[in-house]
Amino acid sequence: MYTSIIETANWLRNKMPNQPQTAIILGSGLGKLAEEIKNPYRIPYQEIPNFPISTVEGHSGQLIFGQLGETDIMAMEGRFHYYEGYSLKEVTFPIRVMNELGIKTLFVSNAAGGMNPDFEIGDLMIITDHINALPDNPLRGQNFPNGPRFLDMHEAYSHALIEKALKIASEKHISVKQGVYLATQGPTYETPAEYRMFRTWGADAVGMSTVPEVIVARHCGMQCFGISIITDLGIAGKICAVSHEEVQRAAEAVQPIMADLMREMINRA
Ligand code: HPA
């Protein structure tokens, strides 16, 4: 695994037009921000040695190097999910590569089902913490020498970045919620009983991504910031059928606002 990471990092280093310290993962239907990347240099995942290939509709699957405002960034348009059949080591392979390339801060976005009764479809939720409800942990197995065997997770999401996001949101009159994101293995959405259970566990939103990437990013010492777009509700009385198309449509509608917040966060880094 380590050899593959180094090989991929070396391959990318020879092609990278810049030396970003910031990376963004754009989740399902959240590619809007990618359109704003200046001088974009795109590399489809299938061209990158050792990279898994995204199989989900709505995830186009490419790395983009360029600038957002004045800041050099690299973006993943499309990510890998456990439900696609990848191991969590494969899901988080790009994060290990980012670390080799010098990334210090990771921004993540996703679509999620809201379980907090104060939430509505279309809300933005700043992720304050997470619950790993996947059946595995990406750090299981031989420890990578660059991080601790037993990783502290008391500040998985940088408090300083959360404070900064709240300040920007308030200045720009963007209304944001805050909450705990729980990741399941998917690919099923939740039954009403599962939504109820996850709510009692202390989660505000549920989705199928982000947690493995953030665990590995923290293991590499990166600062993390995450936003969920609430695309459906797992709240008693408000639960209705969910489809991937509806999730994407709901995400599509609010993504300009999320993009605005993310862009400003990155520019003020
Ligand atoms: N559950 C799990 N994943 C999701 C949901 C949900 O309700 N909405 C978007 N992704």
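The values are calculated or read from the model by the stated rules, or taken from the named source; none is laboratory data. For clarity, every value in this text was computed on a predicted model and none was experimentally measured. In this analysis, Cβ positions are derived from the backbone assuming ideal geometry, glycine residues included, and neighbour counts consider all displayed protein chains.
Counting just the residues of region 26-46 that are aliphatic (A, V, I, L, M) and away from the ligand (no atom under 16 Å from the Cβ), which one comes out surrounded by the fewest Cβ atoms within 10 Å (Cβ to Cβ)? Outline the logic, then answer.
Filtering region 26-46 for residues aliphatic (A, V, I, L, M) gives 26, 30, 33-34, 37, 43.
Checking which are away from the ligand (no atom under 16 Å from the Cβ) leaves us with 33-34, 37, 43.
Working: 33: 25, 34: 21, 37: 19, 43: 17.
Checking each candidate, the answer is 43.
All of 227, 174 fail the test of being in a loop (DSSP other than H, G, I, E, B), more than 9 Å from the ligand (Cβ to nearest atom) and of a type outside the set (Phe, Trp, Tyr), apart from 174. For region 34-49, the criterion of being outside any loop (DSSP other than H, G, I, E, B), modelled with pLDDT under 90 and within 18 Å of the chain's Cα centre (by Cα) is met by at least one residue. Checking the structure you have, find out if any residue of region 181-188 is within 16 Å of the ligand (Cβ to nearest atom), farther than 22 Å from residue 120 by Cβ and more than 18 Å from the chain's Cα centre (by Cα). Scanning region 181-188, I find at least one residue that is within 16 Å of the ligand (Cβ to nearest atom), farther than 22 Å from residue 120 by Cβ and more than 18 Å from the chain's Cα centre (by Cα), so the answer is yes.
Residue 181 meets all of the listed conditions (1) part of a loop (DSSP other than H, G, I, E, B); (2) closer than 25 Å to residue 251 by Cβ but one, namely (1). Summed over region 89-106, residues that are in a strand (DSSP E or B) and buried (at least 24 other Cβ atoms within 10 Å of the Cβ) total 1.
Within region 90-111, residues that are within 16 Å of the ligand (Cβ to nearest atom) reach partners that are among the acidic types (Asp, Glu) and at pLDDT 95 or above with beta carbons closer than 9 Å, at six or more positions or on different chains, in the pairs 91/213; 108/213.
Across region 190-214, which residue is nearest to the ligand (Cβ to nearest atom) among those that are among the hydrophobic types (A, V, I, L, M, F, W, C) and assigned to a helix (DSSP H, G or I)? Per the stated criteria, the residue is 198. Residue count for region 112-144, restricted to those that are away from the ligand (no atom under 13 Å from the Cβ) and either without any contact (Cβ under 8 Å) to a residue 12 or more places away in the chain or assigned to a loop (DSSP other than H, G, I, E, B) (or both): 13. Tallying residues that are under 16 Å from the mean Cα position of the chain (by Cα) and surrounded by fewer than 18 Cβ atoms within 10 Å (Cβ to Cβ) within region 56-88 yields 3. Assess whether residue 122 counts as being touching a helix residue (DSSP H, G or I) at 6+ places or on another chain (Cβ under 6 Å) and farther than 14 Å from residue 222 by Cα. Yes, satisfied.
For the structure I just gave you, tell me whether residue 119 is crowded, with 22+ Cβ neighbours inside 10 Å, at pLDDT 90 or above, more than 24 Å from residue 12 (Cα to Cα) and of a type outside the set (D, E, K, R). Before the answer, list the steps.
On the way: crowded, with 22+ Cβ neighbours inside 10 Å: yes; at pLDDT 90 or above: yes; more than 24 Å from residue 12 (Cα to Cα): yes; of a type outside the set (D, E, K, R): yes.
Criteria met by residue 119.
Taken together, the residues in region 210-241 that are hydrophobic (A, V, I, L, M, F, W, C) and surrounded by fewer than 17 Cβ atoms within 10 Å (Cβ to Cβ) amount to 3.
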